[in-house]
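Heads up: the structure comes next, in C-alpha cells.
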Amino acid sequence: MNTMRLAVLIGGCLACGSLFSVASFASTSYASTSFGSPNTVDNTIKDNTRKKESWRENLASEHNLTLGLDYQVLGLSASSPTEGGDDNSAAGVARFYGSWNLTGLESGNVGGLVWKVEHRQAYTDTAPKSYSFIEPGLGYIGMIGPTYSDQGGRLTNLYWKQQFNQGKTALMAGYLDTSDYVDTYALASPWTGFTNLAFSTGAGAIGLPDDGILGLAVGHMLDENFYIIAGAADAKGRSDKPLDGFETLFNDHKLFTTFEFGWTASQEHIYTDNVHLTLWHIDGGTQHNLTQPSESGQGVNFSASFFVTPQIMPFIRGGFSEGDVALYDKSLTLGVGYFGLGAEKNNLGFAINFSEVNENLGKAYGVTDDKQFTSELYYNMSLGEFVQLTPNIQYIDNPAISTEKDTWVFGLRARVTF
C-alpha cells in the first residue's frame, strides 16, 4: 500500500511540475574535471551528452555560454516510522544553471562565471530533508534526500572560476556550494547517486554549512597524481538570503575551513580513482550547531575509490568528528558502484554505513544506543534523452530515536531534463 501511494504521489508531483535538465553519470564523460564533484555546474552540463538543440549549440560555440534546466522529484515511503511519525514524504526541486567562459580561451587558462539558482518545495507535510528526525518521521538520526526541502527560492552558486597552469590550478571565488569541492567522489551527488547523507559528502561526519555562501577555494595538482584542495567559506551564510552574507562574513567572521590532500590516477579521474584525507573545522555560534550554540566542530574524513574493472568501482569512506556540528562522531561506509549496467547511461549503487551518533545530539534526544546501521541500493536509469528514474531501497537498523527497532524506506526519484 505504501508503495502504491508513493507511485501515485510521484506521478502527481511530475504532473504539476516544470519539465527540465541533464543525463546521468558515465565514467567516461568527465575529462578535465578540474577539482569539481559530479554535482558541479560544469560537470552537470558536461554530462548531458544528448544532441543539443541548435540554439544551445550556437550559444556554446559562438559565445562560450552553456545553460541547463531540470526538475526533480523525490518520494519516500517507510514501512515502520516512529510512533506518530509520517510514513510518506515528497518534494520537488527546479534548477537553472549555467557557465559562461569569458577569459583565457586561447591560452587555456580559462576564466568564467558559474551560477545555479533553485526552487525547492515540499509536496507533503514533511519534506524529505526533515523526514528522518527533525520532524516526526523515521526517528533516524541522519538525512535522506537533504537537498529536497521546503526552502523555496535559493542561490546555490554564483562564482568566478579561474584556471591557471593549463588547468593544473583552479580558483573559485564567490557564492560556493562547499560540497562541490569537499570530500567528493563519483556517487556523492544526491541528484544522481545515493540519497542518504551517510553515502554522500562527509558520510555524516562533516558539519557542512549551507549552500550558496561566500567563500574561496583553490585546487592544485602538485604533480601528475598528488593534489591539494583548500577552502574557506562563511559558516553563517544562508542560500535563501545571499546578500546577508556580506554582513555575516565580514562582521561575524564565522568560517568553515577545509584542507584536502589526495592521490588520483590522473586529474581526469580525480573523483573516481582517488584516495584522500580531508581536514575540516567550523566555528561555533552558527545556525548549524546541534545543541550547544557556541561550540565549534572539527574532524578528519577519508575516502578511497577505484575502478577495478571499466564498470565496477568499490569505495570505502568515513570520518571522525568532535564538537557540536556533525551528525556522527564516527562513520564508516563500504560500497560499490556499477556503471553502464543494463544500458550505457544507467548505474547501480549499493552501500552500507555504520555510524555513532554525535554525543551531544544523543544526550539531547535521550539516546540509549548510539550505534546505527544503514544500507541503500539504488538503480539510476535513463528513459530516453530527457527522463531519469531512480528507484531505491534503504534498510535502517536501530534508528536511534525511533520507537521501532528497524525500518525499510522505499524511494523513487524522477528527473526531467531540458
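The values are calculated or read from the model by the stated rules, or taken from the named source; none is laboratory data. Every value quoted in this text rests on a predicted model; they were computed, and no experiment measured them. Counting neighbours? That spans all protein chains shown, and the Cβs are built from the backbone with ideal geometry, glycine included.
Answer with yes or no whether residue 134 is closer than 27 Å to residue 204 by Cα, in contact with a Phe, Trp or Tyr (Cβ under 7 Å, 6 or more places away or on another chain), of a type in the set (Val, Ile, Thr) and in a loop (DSSP other than H, G, I, E, B). The answer is no for residue 134.
For segment 96-110, the criterion of being at pLDDT below 70, surrounded by 20 or more Cβ atoms within 10 Å (Cβ to Cβ) and closer than 25 Å to residue 158 by Cβ is met by no residue. If you go through segment 379-394 and keep only what is part of a strand (DSSP E or B) and among the aromatic types (Phe, Trp, Tyr), you end up with just 379.
In segment 305-321, which residues are of a type outside the set (S, T, N, Q) and surrounded by 17 or more Cβ atoms within 10 Å (Cβ to Cβ)?
Within segment 305-321, 307, 313, 315, 317, 318, 319, 320 qualify.
For segment 123-145, filtered to residues that are surrounded by fewer than 20 Cβ atoms within 10 Å (Cβ to Cβ) and not polar (S, T, N, Q), the residue that is farthest from residue 103 (Cα to Cα) is 136. Residues of segment 143-164 that are touching a Gly at 6+ places or on another chain (Cβ under 9 Å), outside any strand (DSSP E or B) and of a type outside the set (Gly, Ala, Ser): 143, 148.
The residue that is modelled with the lowest pLDDT, counting only those in segment 382-418 that are among the β-branched types (Val, Ile, Thr) and under 19 Å from residue 70 (Cα atoms), is 417.
Every residue, every condition in (1) among the small types (Gly, Ala, Ser); (2) closer than 30 Å to residue 293 by Cα; (3) in contact (Cβ under 8 Å) with a residue 60 or more places away in the chain, yes or no:
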position	(1), (2), (3)
359	no, yes, no
365	no, yes, yes
370	no, yes, no
374	no, yes, yes
377	no, no, no
386	no, no, yes
400	yes, yes, yes
409	no, no, yes
417	no, no, yes
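Tell me, which residue of segment 219-253 that is within 19 Å of residue 297 (Cα to Cα) and among the small types (Gly, Ala, Ser) is surrounded by the most Cβ atoms within 10 Å (Cβ to Cβ)? Taking the candidates together, the pick is 235. Does at least one position in segment 334-346 carry a residue that is hydroxyl-bearing (Ser, Thr, Tyr), closer than 15 Å to residue 196 by Cα and either assigned to a strand (DSSP E or B) or in contact (Cβ under 8 Å) with a residue 40 or more places away in the chain (or both)? Checked segment 334-346: no residue is hydroxyl-bearing (Ser, Thr, Tyr), closer than 15 Å to residue 196 by Cα and either assigned to a strand (DSSP E or B) or in contact (Cβ under 8 Å) with a residue 40 or more places away in the chain (or both).
Scanning segment 254-262 finds no residues that are modelled with pLDDT under 95, farther than 28 Å from residue 376 by Cα, polar (S, T, N, Q) and surrounded by fewer than 20 Cβ atoms within 10 Å (Cβ to Cβ).
A residue that is surrounded by fewer than 24 Cβ atoms within 10 Å (Cβ to Cβ) and touching a Gly at 6+ places or on another chain (Cβ under 6 Å) occurs nowhere in segment 358-368. The set of residues in segment 395-409 being in a strand (DSSP E or B) and either hydroxyl-bearing (Ser, Thr, Tyr) or crowded, with 18+ Cβ neighbours inside 10 Å (or both) consists of 395, 396, 407, 409.
Residue 114 fulfils the conditions (1) crowded, with 23+ Cβ neighbours inside 10 Å; (2) closer than 19 Å to residue 374 by Cβ except for a single criterion, (2).
When only residues in segment 59-92 that are farther than 17 Å from residue 149 by Cα and among the polar types (S, T, N, Q) count, which is surrounded by the most Cβ atoms within 10 Å (Cβ to Cβ)? Applying the filter and picking the extreme gives 66.
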